[in-house]
Amino acid sequence: MKPGVLIISHGSPETSWMEQIDEAVSHIHLPSDLPVNAVFLDNVPGRFIQDGIDALEAQGVTDLLVVPLFVSSGSTHMDEIAYALGVKETPDRETNLEPFTIQANVHFGYPADDDEDIARMVWDQVKHLSVAPENEVVLVVGHGSIHDGFRQRWEKGISSLAQRVGQVSEVAHTDYALLNPDSLRAKTEEWTARGYKVLIAPLFLSKGIFLNQVIPGRVEGLSYEYAGTALLPHPLLSHWMERQIQSLLNQLITT
C-alpha cells in the first residue's frame with residue numbers, strides 16, 4: 001500500500017488563481033514520503049485531473065486520497081468529479097465529464113461546507129469592518145445552485161456555516177444568502193430594516209467576477225459593509241486540507 005494525495009479544484013485562466021492554490025498546498029505539513037499533486041477540473045492544460053492521477057500512479061501510488069477543494073457539497077462539480085472518479089455509479093445531474101482511467105483505490109474527502117476552519121476564515125474576512133457587533137449581522141454569501149437537490153445541499157451547508165461564524169464572532173446575528181437563486185438583496189434589505197448593519201462575507205475560494213462585480217451589483221444602493229476578499233490566501237485553508245488528508249490517511253491505515 002502506497003498512498004498519494006490528489007487535491008482537486010476548479011481552475012481558472014488567471015495565473016494568479018493557480019498560484020494561490022499551489023501556495024496553499026505548499027504549506028501543508030505532511031510526511032515527506034507522501035506524494036501530493038494539485039490538479040484542476042478545467043482551464044489549466046497539463047494539470048488536469050487525469051494528469052494528476054497518471055503522475056501519482058507512475059510513482060507507485062495504490063491509494064488516492066482525494067481532497068475536493070470546493071466550498072459546498074451543492075456544487076455540481078462535486079457530483080461530476082465523484083462520478084468520474086468512480087466514487088458513485090451515476091451522477092445526480094448529466095455531465096460531459098468522462099470516467100477517469102484509474103488503477104488505484106480512491107478515498108474521497110469532503111468539501112468545505114461548515115468546517116470550523118472555514119468559519120474562522122469567513123469571519124476573518126469581515127471582522128476588521130466590525131465596529132458595534134451588538135448591532136451587526138454577518139451575511140455569508142455563496143454561489144448557490146438553481147438545480148433541485150444541489151440547492152438544498154448548498155442551503156444546508158451554508159446555513160450551518162453561518163451558525164459556526166456566529167460562534168467564533170461577537171456579532172448579534174449571522175445569516176446566509178445565495179446568488180442562485182438570488183436572495184442577497186432581499187436578505188440585506190431585511191436585516192437593514194431591522195436596524196442592523198450588514199457585513200457581507202463571500203464564501204468563494206478566490207477573487208473574480210463574482211466578488212468584484214456580481215455581489216456589489218446585487219446590493220447596489222443599499223447600506224452594507226464589504227471587503228470583497230476571498231478565502232485564499234488565508235493560511236487556515238492549508239490547515240483545513242492538512243486535517244482532511246490526515247483523516248483520510250488514518251482511515252486508510254485502520255481499515
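The values are calculated or read from the model by the stated rules, or taken from the named source; none is laboratory data. Every value quoted in this text rests on a predicted model; they were computed, and no experiment measured them. Please note: Cβ atoms are built from the backbone with ideal geometry, for glycine as well, and neighbour counts cover all protein chains shown. Surface accessibility is based on the protein's heavy atoms, side chains included, excluding ligands, DNA and RNA. Shrake-Rupley method; radii C 1.70, N 1.55, O 1.52, S 1.80 Å.
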Taking the condition open to solvent by 30 Å² or more (accessible area, probe 1.4 Å) and of a type outside the set (A, V, I, L, M), does ASP51 pass? yes
So HIS27 ticks every box in (1) closer than 22 Å to MET121 by Cα; (2) open to solvent by less than 60 Å² (accessible area, probe 1.4 Å) but one. Which box is left unticked? (2)
Filter result for the condition that a residue is of a type outside the set (Gly, Ala, Ser), open to solvent by less than 70 Å² (accessible area, probe 1.4 Å), within 19 Å of VAL5 (Cα to Cα) and touching a residue at least 12 places away in the same chain (Cβ under 8 Å), over LEU211, LEU249, LEU222, LEU232: LEU249
Taking the residues in region 142-201 that are in a helix (DSSP H, G or I) and aliphatic (A, V, I, L, M) as candidates, determine which candidate is farthest from MET121 (Cα to Cα). ALA193
Specify the residue that is most open to solvent (accessible area, probe 1.4 Å); the eligible residues are those in region 145-164 that are touching a Ser or Thr at 6+ places or on another chain (Cβ under 8 Å) and of a type outside the set (Lys, Arg). GLN163
If you scan region 206-228, which residues turn out to be at pLDDT 95 or above, in contact with a helix residue (DSSP H, G or I) (Cβ under 8 Å, 6 or more places away or on another chain) and aliphatic (A, V, I, L, M)? ILE215, VAL219, LEU222
Let me spell it out: the conditions are (1) closer than 30 Å to LEU199 by Cβ; (2) open to solvent by 50 Å² or more (accessible area, probe 1.4 Å), and TRP123 meets all of them except one. Which number is the exception? (2)
